[in-house]
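Worksheet for the structure shown next.
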Amino acid sequence: MSNLWLFAVGRVARAFPLVVLLLGFNFVMIHTAPGDPVAMLIGDAEAPELIETVRRDFGLDKSMPEQLIAYGSNIIRGNMGISYRYRLPVGGLITERLPATLLLMGSAFLISMLVGTILGVVAAVRRGTWLDSGLSVLALLGASVPVFWVGMLLLLAFAVNLRWLPLYGVSTVGFRADGIWDLVSDRVRHLILPSVTISVGQLALIFRVTRNRMIEELSKDYITQARAKGVPITRVWGVHALRNVALTLVTIAGLRIGVLFSGALLTEVVFAWPGIGQLMYGAMVGRDYPIVMGVFAMVVAVTVLANVVTDISYGFLDPRVRYG
Amino acid sequence: MASRVSTIPRRQWTHGLRHFTSSKLAGISAAILVLVVIIALAAPLIAPYPPLQTGVSPALIPPSTTNLFGTDDLGRDGFSAIVFGARTALTVGGIAGFVAFAVGILLGCWGGLRGGRVDDFLMRVVEAFQVLPVFFVMLVIASVFGPSTEVTALVLGLLAVPSVARLVRAEALALREADYVAAGYALGNTHLTVAFRHVLPGVLGTALTVSSLEVASAILTEAGLSFLGFSDSNVASWGAMLNNSRQFLSSAWWMAVFPGAAIAVVVLSINSVAEGLANMTNPRLVQR
């Protein structure tokens, strides 16, 4: 067990320089961004003394290294500055919108994992049939289409033409729910198209990895032995082989969190979904740099953290990693 | 002696080519890509109208014989914009892919052959960069410095270096132990000569495959950026066309369908060519 903890601590320590590097990048970007932050906050027309006071309050009169240290300690405490447009702390704005994004990403993650794994196993055990080739071509297509275009096509088909599902948002405007089920069904109806949109690329990848790893596992001796012992074939596929494939899937899922975030951003813009993607998009258009940098810092933190967690959980799941 | 050595790779090459064309999809995709390159080069000859000129036709007319892919809200011809958009897509993909390929091989060979501290350090950097949410980095850069096709392409290429370098390094590490590489050293060659003469041919296939995948993802990322409005407004871009089409989704489907299809076709072709390349350079995978 101590071996494993050493591995975990080492992994966390190795992620540290990256986080520092990215915060440094962020800091440089904030200072490169055009426009004086103070002027953006209080407007140009105000008295020069007031501008000086605000500069001092924000610590902008200090030297660059001092500002960098202040920035670092602020970030650690979750203080990411004040939005030019909303005039509110960026941290609060982000946490307010994060749940909507996480709901979207979570559903997309579940869809892609579930469907991707099942289809991958099916293709692997029916290797070489038309079903396998068909699915493989579809997966190649799924990995090649731009995520926002998928969203637009789904909107065109299901919301504009067929009118089965709502066009945008998380809930119907002015909708009065008749009890809890009505409310849930309204939310789910809004969730379907955007979460399917994000899941397409991920699903294609999970399918391909599952299929190829499954084929590899199924050719190994322990599978033949299990079959010879009389273990039912579905159990061999679902329990023996899939368990080893799952280790690879965990790694992929961890590495892809950043991609999932960018998919969410583009999808939120297409579906007017009020998450952090929309927040960042609006901030980029309106040159609200504290929000842009704040969302970036948050995404980087989550992505790095997800990778560390994946690596460590990999160590827990697979004894070979610890001694490798 | 020299001729005997050189015939072996050539036989492998034709053998590999047969593997490549044995996949129908890869063959068709390669043909499509050649066609797209020709279209991009000959864009002024093919496009019936200047791509960004407004009012060449009535606004928002559906696909017809005069406007093959319809027109947009300002009366710009969709077909012409798509033809010229191929230039932007291929420029971004090409530059990014080349940077990733060249720098990736350099760093990968250096780390793999040198080993030790240099290798350790390089791999740490590579590992760190692989985690980076590329799209967000590009968004921050675009929002601070403003949109530029060349900068976007260059940065995307640099961000793609790690994935090429990592795999090249692994191959170079294995090749370092090969007898013929050892013989190269024994003859008194420098690291540089050995790398170019003996190791480079061995890692070329892998590097080419990974780089072509990076070409595809660079095109997708650029499309995403211009979809959000971060593109040079003086050049035709498929992503920018899609951005413009959003307001007219319910009335002018052609504005959304054709540019997206163009991206999908090009990216799909590159991806399946990459798969063909992988099969060609690593026949072990074909048998699966």
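Would you mind finding the one in B:171, B:150 that is within 23 Å of residue B:88 (Cβ to Cβ), touching a residue at least 12 places away in the same chain (Cβ under 8 Å) and open to solvent by 60 Å² or more (accessible area, probe 1.4 Å)? Please lay out each step first, then the result.
Details: B:171 fails: within 23 Å of residue B:88 (Cβ to Cβ).
None of the others qualify; the one that does is B:150.
In the list B:55, B:16, B:75, which residue meets the criterion of being more than 24 Å from residue B:89 (Cβ to Cβ) and modelled with pLDDT of 60 or more? Give the derivation first.
Details: B:16 fails: modelled with pLDDT of 60 or more; B:75 fails: more than 24 Å from residue B:89 (Cβ to Cβ).
Just a single option satisfies the conditions, and that option is B:55.
Please work out which residue is farthest from residue A:86 (Cα to Cα), limiting yourself to the range A:282-319 and to residues that are more than 16 Å from the chain's Cα centre (by Cα) and hydroxyl-bearing (Ser, Thr, Tyr).
Among them, the one singled out is A:314.
Return the pair list, or none, for Cβ contacts closer than 7 Å from residues in the range A:142-170 that are at the interface with chain B (Cβ under 7 Å from one of its Cβ atoms) to residues that are surrounded by fewer than 16 Cβ atoms within 10 Å (Cβ to Cβ), at least 6 apart or on different chains.
Within 7 Å, the pairs are A:155/A:167; A:160/B:250.
Of the conditions (1) more than 27 Å from residue B:127 (Cα to Cα); (2) open to solvent by less than 60 Å² (accessible area, probe 1.4 Å); (3) more than 14 Å from chain B (Cβ to nearest Cβ); (4) within 29 Å of the chain's Cα centre (by Cα), residue A:89 clears all except one; give me its number.
Just one mismatch for residue A:89, condition (2).
All but one of (1) free of Cβ contacts under 8 Å to residues at least 60 places away in the same chain; (2) in a helix (DSSP H, G or I); (3) closer than 15 Å to residue A:271 by Cα hold for residue A:196, so report the exception by its number.
(1)
Given the residues B:213, B:220, B:228, B:208, which is the only one that is away from chain A (no Cβ under 14 Å), of a type outside the set (Asp, Glu) and touching a residue at least 40 places away in the same chain (Cβ under 8 Å)? Before you say what the answer is, go through the steps one by one.
Working: B:213 fails: away from chain A (no Cβ under 14 Å); B:220 fails: away from chain A (no Cβ under 14 Å); B:228 fails: away from chain A (no Cβ under 14 Å).
That would be B:208, the only listed residue that is away from chain A (no Cβ under 14 Å), of a type outside the set (Asp, Glu) and touching a residue at least 40 places away in the same chain (Cβ under 8 Å).
Which helices (runs of 4 or more DSSP H) does the range A:223-324 wholly contain that include 3 or more residues that are farther than 28 Å from residue A:169 by Cβ and of a type in the set (A, V, I, L, M)?
Values: elements: A:242-255, A:257-271, A:276-285, A:289-317, A:319-323.
It comes to A:242-255, A:289-317.
Report yes if residue A:128 is loosely packed, with under 15 Cβ neighbours inside 10 Å, on the phi > 0 side of the Ramachandran plot and away from every other protein chain (no Cβ under 14 Å), otherwise no. Give the derivation first.
Details: loosely packed, with under 15 Cβ neighbours inside 10 Å: yes; on the phi > 0 side of the Ramachandran plot: yes; away from every other protein chain (no Cβ under 14 Å): no.
So residue A:128 fails the test.
Of a type in the set (A, V, I, L, M), under 19 Å from residue A:87 (Cα atoms) and surrounded by 11 or more Cβ atoms within 10 Å (Cβ to Cβ): is that true of residue A:60 in this structure?
Details: of a type in the set (A, V, I, L, M): yes; under 19 Å from residue A:87 (Cα atoms): yes; surrounded by 11 or more Cβ atoms within 10 Å (Cβ to Cβ): yes.
Judged against the criteria, residue A:60 is a match.
Considering B:111, B:93, which residue is closer than 26 Å to residue A:256 by Cβ and touching a Lys or Arg at 6+ places or on another chain (Cβ under 6 Å)?
Numbers: B:93 fails: touching a Lys or Arg at 6+ places or on another chain (Cβ under 6 Å).
Answer to the selection: B:111.
Is the range A:122-143 home to any residue that is under 14 Å from the mean Cα position of the chain (by Cα), part of a helix (DSSP H, G or I) and not aliphatic (A, V, I, L, M)?
Filtering the range A:122-143 for residues under 14 Å from the mean Cα position of the chain (by Cα) gives none.
No, every residue in the range A:122-143 fails to be under 14 Å from the mean Cα position of the chain (by Cα), part of a helix (DSSP H, G or I) and not aliphatic (A, V, I, L, M).
Name the residues in the range A:273-283 that are at the interface with chain B (Cβ under 10 Å from one of its Cβ atoms) and open to solvent by 10 Å² or more (accessible area, probe 1.4 Å), would you?
A:281, the sole residue that qualifies.
On the given criteria, is residue B:196 crowded, with 20+ Cβ neighbours inside 10 Å and free of Cβ contacts under 8 Å to residues at least 60 places away in the same chain?
Details: crowded, with 20+ Cβ neighbours inside 10 Å: no; free of Cβ contacts under 8 Å to residues at least 60 places away in the same chain: yes.
So residue B:196 does not fit the description; no.
Tell me, which helices (runs of 4 or more DSSP H) wholly within the range B:33-148 include 2 or more residues that are within 28 Å of residue A:296 (Cα to Cα) and among the charged types (D, E, K, R)? Steps first, please.
Details: elements: B:43-46, B:78-114, B:116-131, B:134-145.
Because the criterion is at least 2 residues that are within 28 Å of residue A:296 (Cα to Cα) and among the charged types (D, E, K, R), the helices (runs of 4 or more DSSP H) in the range B:33-148 that meet it are B:116-131.
Does any residue in the range A:263-288 that is of a type in the set (Val, Ile, Thr) come within less than 8 Å, Cβ to Cβ, of a residue that is not in a helix (DSSP H, G or I) six or more places away or on a different chain, and which pairs are these?
Qualifying pairs under 8 Å: A:267/A:273; A:269/B:228; A:285/B:229.
Please go through the range A:35-57 and give me each residue that is exposed (fewer than 11 other Cβ atoms within 10 Å of the Cβ) and within 32 Å of the chain's Cα centre (by Cα), ordered by number.
The one that is exposed (fewer than 11 other Cβ atoms within 10 Å of the Cβ) and within 32 Å of the chain's Cα centre (by Cα): A:35.
Residue-wise test of (1) more than 14 Å from chain A (Cβ to nearest Cβ); (2) among the aliphatic types (A, V, I, L, M).
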| position | (1), (2) |
| --- | --- |
| B:97 | yes, no |
| B:103 | yes, yes |
| B:115 | yes, no |
| B:127 | no, no |
| B:142 | no, yes |
| B:145 | no, no |
| B:151 | no, yes |
| B:155 | no, yes |
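In the range A:1-18, what residues are open to solvent by 50 Å² or more (accessible area, probe 1.4 Å) and either modelled with pLDDT of 75 or more or not in a helix (DSSP H, G or I) (or both)? Quick ask: steps written out before the conclusion?
Just the residues of the range A:1-18 that are open to solvent by 50 Å² or more (accessible area, probe 1.4 Å), to begin with: A:1-3, A:5-7, A:9, A:12-14, A:16-17.
Hits for the range A:1-18 are A:1, A:5, A:6, A:7, A:9, A:12, A:13, A:14, A:16, A:17.
Restricting the range A:22-34 to residues that are within 8 Å of chain B (Cβ to nearest Cβ) and over 21 Å from the mean Cα position of the chain (by Cα), which is farthest from residue A:299 (Cα to Cα)?
Only one residue fits best here, namely A:34.
May I ask you to list the residues in the range B:110-136 that are under 20 Å from residue B:203 (Cβ atoms), open to solvent by less than 50 Å² (accessible area, probe 1.4 Å) and out of contact with any Asp or Glu (no Cβ under 9 Å at 6 or more places or on another chain)?
Answer for the range B:110-136, where residues must be under 20 Å from residue B:203 (Cβ atoms), open to solvent by less than 50 Å² (accessible area, probe 1.4 Å) and out of contact with any Asp or Glu (no Cβ under 9 Å at 6 or more places or on another chain): B:115, B:118, B:119, B:122, B:123, B:126.
For the subset of the range A:198-237 comprising residues that are hydroxyl-bearing (Ser, Thr, Tyr) and open to solvent by 20 Å² or more (accessible area, probe 1.4 Å), which member is nearest to the other protein chains (Cβ to nearest Cβ)?
Going residue by residue through the range A:198-237, those that are hydroxyl-bearing (Ser, Thr, Tyr) are A:199, A:210, A:219, A:222, A:224, A:234.
The next check asks that each one be open to solvent by 20 Å² or more (accessible area, probe 1.4 Å); those that pass are A:219, A:222, A:224, A:234.
Numbers: A:219: 8, A:222: 18, A:224: 17, A:234: 22 Å.
Here the residue is A:219.
Based on this model, can you work out whether residue A:177 counts as more than 14 Å from chain B (Cβ to nearest Cβ) and either in a loop (DSSP other than H, G, I, E, B) or touching a Pro at 6+ places or on another chain (Cβ under 7 Å) (or both)? Give the steps one after another, and end with the answer.
Numbers: more than 14 Å from chain B (Cβ to nearest Cβ): yes; either in a loop (DSSP other than H, G, I, E, B) or touching a Pro at 6+ places or on another chain (Cβ under 7 Å) (or both): yes.
Judged against the criteria, residue A:177 is a match.
Can you name the condition, by its number, that residue A:78 falls short on among (1) open to solvent by less than 80 Å² (accessible area, probe 1.4 Å); (2) within 14 Å of another protein chain (Cβ to nearest Cβ)?
In the conditions (1) open to solvent by less than 80 Å² (accessible area, probe 1.4 Å); (2) within 14 Å of another protein chain (Cβ to nearest Cβ), residue A:78 misses (2) alone.
Could you please tell me which pairs satisfy a Cβ distance under 6 Å, a separation of 6+ or placement on different chains, a first residue in the range A:294-312 that is within 7 Å of chain B (Cβ to nearest Cβ), and a second residue that is open to solvent by 30 Å² or more (accessible area, probe 1.4 Å)?
Within 6 Å, the pairs are A:303/A:257; A:304/A:19.
The values are calculated or read from the model by the stated rules, or taken from the named source; none is laboratory data. Being a predicted model, the structure only gives us computed values, none of them experimental. Glycine also receives a Cβ, built like all others from the backbone with ideal geometry; neighbour counts cover every protein chain displayed. For accessibility, only protein heavy atoms count, side chains too; no ligands or nucleic acids. Shrake-Rupley method; radii C 1.70, N 1.55, O 1.52, S 1.80 Å.
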